[in-house]
């Protein structure tokens, strides 16, 4: 239930984000388009590879346990490790080649750290409501660069892992 709403929320948060250096706004996806041949547009792919759910978690889970539909219940905490893959293709001779991609990464991190906290979200399948907490409080990152086949462009990639907590009734 909560994973679908969390990944959708991150996609919505990043899609259309203004980019530095006169670049087009960011395009964000959960499921990448096929083919994605928009190399000149900064792109973010959102995925939720790891998560931990607990009743009495660090973020305020409480008892009692839900014993069935319509019964009273406490809250549960879900810790998501959301991965955001950033991709951009840049010409080797671009005058901004030394800094532009890092500016893209900085813009995404700034958006994460200034997002709503708590952020209310709604599951697209059940309509269940929950809250995301601590978006942008813990972000790990890694960048890479590689030449593409024609060697006129570089592919620049970053992986940002954002720890976020979700609180929901269960």
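Is it fair to say residue 151 is modelled with pLDDT under 95 and either part of a strand (DSSP E or B) or surrounded by fewer than 14 Cβ atoms within 10 Å (Cβ to Cβ) (or both)?
It is true that residue 151 is modelled with pLDDT under 95 and either part of a strand (DSSP E or B) or surrounded by fewer than 14 Cβ atoms within 10 Å (Cβ to Cβ) (or both).
If residue 159 meets every condition in (1) assigned to a loop (DSSP other than H, G, I, E, B); (2) out of contact with any helix residue (DSSP H, G or I) (no Cβ under 7 Å at 6 or more places or on another chain); (3) in contact (Cβ under 8 Å) with a residue 24 or more places away in the chain apart from one, which number is that one?
(1)
Would you say residue 114 is loosely packed, with under 15 Cβ neighbours inside 10 Å, in contact with a helix residue (DSSP H, G or I) (Cβ under 8 Å, 6 or more places away or on another chain) and at pLDDT 95 or above?
So residue 114 does not fit the description; no.
Among the numbered conditions (1) in a strand (DSSP E or B); (2) modelled with pLDDT under 85, tell me where residue 83 comes up short.
(2)
Checking residue 140 against (1) loosely packed, with under 12 Cβ neighbours inside 10 Å; (2) part of a loop (DSSP other than H, G, I, E, B), only one condition comes out false. Which one?
Checking residue 140 against (1) loosely packed, with under 12 Cβ neighbours inside 10 Å; (2) part of a loop (DSSP other than H, G, I, E, B), the one that fails is (2).
Filtering the range 154-170 down to residues that are buried (at least 16 other Cβ atoms within 10 Å of the Cβ) and within 11 Å of residue 90 (Cβ to Cβ), which residue is modelled with the highest pLDDT?
156
Go through the range 117-131 residue by residue and tally those that are assigned to a loop (DSSP other than H, G, I, E, B) and surrounded by fewer than 12 Cβ atoms within 10 Å (Cβ to Cβ).
The qualifying residues number 4.
The values are calculated or read from the model by the stated rules, or taken from the named source; none is laboratory data. Given the structure is predicted, the values throughout are model-derived calculations rather than measurements. Cβ coordinates were reconstructed from backbone atoms using ideal geometry, including for glycine residues, and neighbour counts include every protein chain displayed.
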